[in-house]
1. Give the residues of region 96-127 that are charged (D, E, K, R), modelled with pLDDT of 80 or more and not in a helix (DSSP H, G or I), sorted by residue number.
2. Could you list all residues from region 175-190 that are under 22 Å from the mean Cα position of the chain (by Cα), in a strand (DSSP E or B) and in contact (Cβ under 8 Å) with a residue 40 or more places away in the chain?
3. What is the number of the single condition among (1) touching a helix residue (DSSP H, G or I) at 6+ places or on another chain (Cβ under 8 Å); (2) in contact (Cβ under 8 Å) with a residue 24 or more places away in the chain; (3) more than 16 Å from Gln185 (Cβ to Cβ) that Arg128 does not meet?
4. Does His93 meet the test of being under 19 Å from the mean Cα position of the chain (by Cα), free of Cβ contacts under 8 Å to residues at least 40 places away in the same chain and outside any strand (DSSP E or B)?
5. Here is a list: Val145, Val118, Val129, Val170. Which entry is touching a Ser or Thr at 6+ places or on another chain (Cβ under 8 Å) and in the same structural domain as Leu94 (by TED's automatic domain parsing)?
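The values are calculated or read from the model by the stated rules, or taken from the named source; none is laboratory data. Being a predicted model, the structure only gives us computed values, none of them experimental. Cβ atoms come from the backbone with ideal geometry, glycine included; neighbour counts cover every protein chain shown.
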Amino acid sequence: MASRETDAVKEYLTDLVVPHKRCNVNIIPDHITMLHGTKNKQQISRKRRAHKQNTLTRKQYAELGLNTLPRKQLKYEQILPLHKLWRGYIKEHLGLREGEQVPQLHEKRYDEFSRQLVKMDLHGAKLRVLQSKCETLIGLNGICVMDTKNVLKLLGADDQLRTVPKSECVFGMQLGNMEFTIFGQHLNMRPAERSVKKIKSCVEPFM
């Protein structure tokens, strides 16, 4: 069946060429399958092999140390430009204008605002631990320099890098005259996954 379809397409394409040049027509069968919108097994396996060769596995990623940060080389002053960049990003992400207030619970746009707040990228955000099951974590603050599935890594003003578990904590974040409370359990996924996930209302912003 597929062969008859391929021959029919070849004949159709050949007829489109002026007669004296039809002898030079060379139609590749793989290209015809692309026109049909389907790929044969050989094309699919070739694509999979190329994809596997160009990407690292999670194990290789960890072995190369790409999911770790140097604990002593990072300086708080060097990270401040990242925080400044993040402030511009979050204003655009939340659609905030100069002097605008956080929407109240009874306002229509409250739910959408809270969802966007949870979906934001935290790299560069200044965060503070408001509550935690582990008392030693309460009060820790710093700029987020790494956001993984289960933890946030905060660089404090004392140049100390601290790892804070998301699910165990409630975080505070300030932006201008606005302050937000974010429950860590709702951040418990990778940033790329969180940005596209459908999230229920789970943020309590307050002044």
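1. Asp121, Lys126
2. Hits for region 175-190 are Leu175, Phe180, Thr181, Ile182.
3. Arg128 satisfies every listed condition except (1).
4. It is true that His93 is under 19 Å from the mean Cα position of the chain (by Cα), free of Cβ contacts under 8 Å to residues at least 40 places away in the same chain and outside any strand (DSSP E or B).
5. Details: Val145 fails: touching a Ser or Thr at 6+ places or on another chain (Cβ under 8 Å); Val118 fails: touching a Ser or Thr at 6+ places or on another chain (Cβ under 8 Å); Val129 fails: touching a Ser or Thr at 6+ places or on another chain (Cβ under 8 Å).
Matching residue, one of Val145, Val118, Val129, Val170: Val170.
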